[in-house]
Amino acid sequence: MRILFLDLDTLRPDHLGCYGYHRNTSPNIDRIADQGVRFDNYYCSDAPCLPSRTALTTGQFGIHTGVINHGGTNAELRKEGSQRGFRSRLSTASLFGFLRSRGLNTVSFSPFAERHGAWQFYAGLNEIHNTGKGGMESAEEITPRVLNWIENNAGQEDWFLHVNYWDPHTPYRAPEEFGNPFADDPLPEWLNEDVLKEHRKLVGPHKPHEIAMYDNQTNPDFPRFPGEIEDMKDMRKMIDGYDCGISYMDQHIGRLFAALQEQGVMEDLIVIITSDHAENMGELGIYGEHGTADHATCRIPMIIRWPGLKQGHVDGGLHYNLDLLPTLADLMDAEAKDIWDGKSYAPVLRAGTPAGQEKLVLSQGAHVCQRSVRFGPWLYMRTYHDGYHLFPEEMLYNLEDDPHEQNNLAQEKPEVCHRARAHYMDWHDEMMETMPYKTSRDPMWTVLEEGGPFHARGNLARYIEYLKETGREDAIPELKKRHPQEFE
């Protein structure tokens with residue numbers, strides 16, 4: 001058995017051709033989707049980067065692992081405590097550890113562990129190739145190292161190769177000589193001048209005035225990434241920059257496929273293509289960030305080509321990224337680990353039989369503190385810390401009618417909000433009942449006690465000065481009212 005796992009940071013599924021995008025960003029990825037199963041409603045349980053990959057590799061929700069933030073107590077795994085054996089359970093229950101226990105040589109090309117100090121990510125790996133720039137790598141710095149590994153090792157049996165590309169992540173970095181293959185293509189239809197006009201009235205990190213998070217600073221090393229979206233020309237620069245990152249990465253993925261074909265292993269190779277999270281590109285007025293627990297941030301691509309199993313199939317069920325571990329165990333005729341929170345969707349891969357969840361609960365604790373419930377056509381969002389966005393406490397969107405989250409229906413649909421709150425409380429009760437220790441608490445409350453999400457904590461005073469510079473002083477009293485601790 002040979003498995004290639006393409007971990008493509010910050011990749012929106014709806015910017016891929018196989019998910020219906022009108023631009024030709026991803027022909028190599030699309031080809032794999034045609035040969036396997038494409039999952040249309042696949043979500044990271046916990047966003048963004050560190051919480052998401054922790055959920056993926058442990059098979060557990062952030063409420064159980066404790067990892068929901070990018071700093072503070074909840075950027076660290078809970079200790080196993082008195083139940084810890086001679087080795088950590090990660091040695092066999094993590095993604096790489098489980099695969100190694102099944103006889104696979106586990107290999108990773110990624111800077112992720114060092115970027116976030118997430119050393120548990122290395123658990124179960126036989127070969128660690130840190131590409132060394134903490135997520136600032138471009139594809140041309142990663143591909144040659146992977147090609148060298150393929151040339152020397154691809155012909156061997158039983159390996160799992162994890163390759164982590166970062167080109168869709170800000171700041172958009174496709175080299176100048178790549179050009180812009182999308183210069184004449186229309187922008188996504190919903191992003192128009194009227195929408196931009198409304199978004200420019202909003203406050204909060206990564207709104208059109210402050211693409212750089214809290215101001216409009218730019219970096220000459222990254223000319224594709226604007227500091228501010230003032231008009232539709234800037235909007236084009238933003239969207240084209242993101243799409244060029246995807247396209248440039250896809251070309252490098254094509255090089256890996258060609259090398260694997262040359263080694264004679266591509267035909268029987270299992271290929272898994274996914275992301276840690278996606279990216280708001282206008283949703284909630286946010287651009288170039290993955291800082292909420294919404295559909296735009298948490299919905300990710302998942303494409304699995306497993307020779308001998310279902311081909312050319314599209315699955316519409318609801319799934320978490322942490323469902324992957326029990327799915328792999330199912331497909332490998334292995335027992336699922338008791339600590340895994342996910343549910344196998346192997347029936348989808350074997351026969352196209354639906355195996356989705358009834359509902360999903362999504363979490364974000366690094367930019368805002370939010371929990372959301374995804375069920376039916378609905379996305380319900382509950383905000384505990386607004387990350388200076390001035391979000392209302394409750395938001396509700398009908399994703400079938402409004403996939404870009406423009407119309408908050410919470411006031412109009414109280415009965416749907418009631419159902420969503422019940423779903424959320426049922427999930428929360430289950431999570432608390434299955435904590436590793438009865439004294440364990442919800443990490444969201446710890447994040448709030450420590451001053452809020454990492455990327456918002458301590459930044460309000462300087463942001464207020466920028467709001468004054470940009471003529472949005474009207475928002476300052478409400479921001480001070482909501483976040484008095486920032487001025488103590």
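Nothing in this text is a laboratory measurement; each read-out follows from the coordinates by a stated rule. Being a predicted model, the structure only gives us computed values, none of them experimental. Methodologically, a virtual Cβ is constructed for each residue, glycine included, from the backbone with ideal geometry; neighbour enumeration extends over all protein chains shown.
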Which of the residues belonging to the stretch 379-399 are part of a loop (DSSP other than H, G, I, E, B) and of a type in the set (Ser, Thr, Tyr)?
TYR388
Just checking, does the stretch 308-325 include any residue being free of Cβ contacts under 8 Å to residues at least 40 places away in the same chain and in contact with a Pro (Cβ under 8 Å, 6 or more places away or on another chain)?
no
Residue list for the stretch 122-152, restricted to those being surrounded by 15 or more Cβ atoms within 10 Å (Cβ to Cβ), polar (S, T, N, Q) and within 15 Å of LEU260 (Cβ to Cβ)
THR143
Would you say PRO436 is surrounded by 11 or more Cβ atoms within 10 Å (Cβ to Cβ) and touching a strand residue (DSSP E or B) at 6+ places or on another chain (Cβ under 9 Å)?
no
In the set ALA334, ALA366, which member is in contact with a Lys or Arg (Cβ under 8 Å, 6 or more places away or on another chain) and not hydroxyl-bearing (Ser, Thr, Tyr)?
ALA334
For the stretch 409-423, does any single residue satisfy the condition of being in contact (Cβ under 8 Å) with a residue 60 or more places away in the chain and surrounded by fewer than 16 Cβ atoms within 10 Å (Cβ to Cβ)?
no
Within the stretch 100-117, restricting to residues that are out of contact with any Lys or Arg (no Cβ under 7 Å at 6 or more places or on another chain) and within 21 Å of PRO51 (Cα to Cα), the one that is surrounded by the fewest Cβ atoms within 10 Å (Cβ to Cβ) is GLY117
Tell me which residues, restricted to the stretch 316-330, are of a type in the set (Asp, Glu) and either part of a loop (DSSP other than H, G, I, E, B) or buried (at least 24 other Cβ atoms within 10 Å of the Cβ) (or both).
ASP323
Out of the residues in the stretch 176-199 that are charged (D, E, K, R) and in contact (Cβ under 8 Å) with a residue 12 or more places away in the chain, which is surrounded by the fewest Cβ atoms within 10 Å (Cβ to Cβ)?
GLU176
Qualifying position, being in contact (Cβ under 8 Å) with a residue 60 or more places away in the chain and closer than 15 Å to ASN321 by Cβ, among THR10, THR73, THR25:
THR10
Only one of (1) assigned to a helix (DSSP H, G or I); (2) on the phi > 0 side of the Ramachandran plot fails for GLY134. Which number is that?
(1)
Those residues that are assigned to a loop (DSSP other than H, G, I, E, B) and touching a residue at least 40 places away in the same chain (Cβ under 8 Å), I need them from the stretch 88-131; list them, please.
ARG89, ARG102, GLY103, LEU104, SER110, PRO111, GLY117, ALA118, ALA123
Taking the stretch 39-87 and the residues there that are charged (D, E, K, R) and in a strand (DSSP E or B), the one that is surrounded by the fewest Cβ atoms within 10 Å (Cβ to Cβ) would be ASP40
State whether the residues of the stretch 69-86 include one that is among the aromatic types (Phe, Trp, Tyr) and more than 22 Å from HIS404 (Cβ to Cβ).
yes
Checking ARG173 against (1) surrounded by fewer than 22 Cβ atoms within 10 Å (Cβ to Cβ); (2) out of contact with any helix residue (DSSP H, G or I) (no Cβ under 6 Å at 6 or more places or on another chain), which single condition isn't satisfied?
(1)
Being surrounded by fewer than 19 Cβ atoms within 10 Å (Cβ to Cβ) and among the charged types (D, E, K, R) is the filter; apply it to the stretch 153-170 and report the residue that is farthest from the chain's Cα centre (by Cα).
GLU157
Looking at the stretch 11-25, can you tell me whether even one residue there is buried (at least 23 other Cβ atoms within 10 Å of the Cβ), part of a strand (DSSP E or B) and out of contact with any helix residue (DSSP H, G or I) (no Cβ under 6 Å at 6 or more places or on another chain)?
no
Taking the stretch 348-378 and keeping only residues that are surrounded by fewer than 24 Cβ atoms within 10 Å (Cβ to Cβ), of a type in the set (A, V, I, L, M, F, W, C) and assigned to a loop (DSSP other than H, G, I, E, B), one is left with ALA355
Options ARG441, ARG462, ARG457; residue that is surrounded by fewer than 16 Cβ atoms within 10 Å (Cβ to Cβ) and in contact with a helix residue (DSSP H, G or I) (Cβ under 9 Å, 6 or more places away or on another chain):
ARG441
Being charged (D, E, K, R), within 26 Å of ALA366 (Cβ to Cβ) and out of contact with any Pro (no Cβ under 9 Å at 6 or more places or on another chain) is the filter here; which residues of the stretch 281-307 pass it?
ASP294
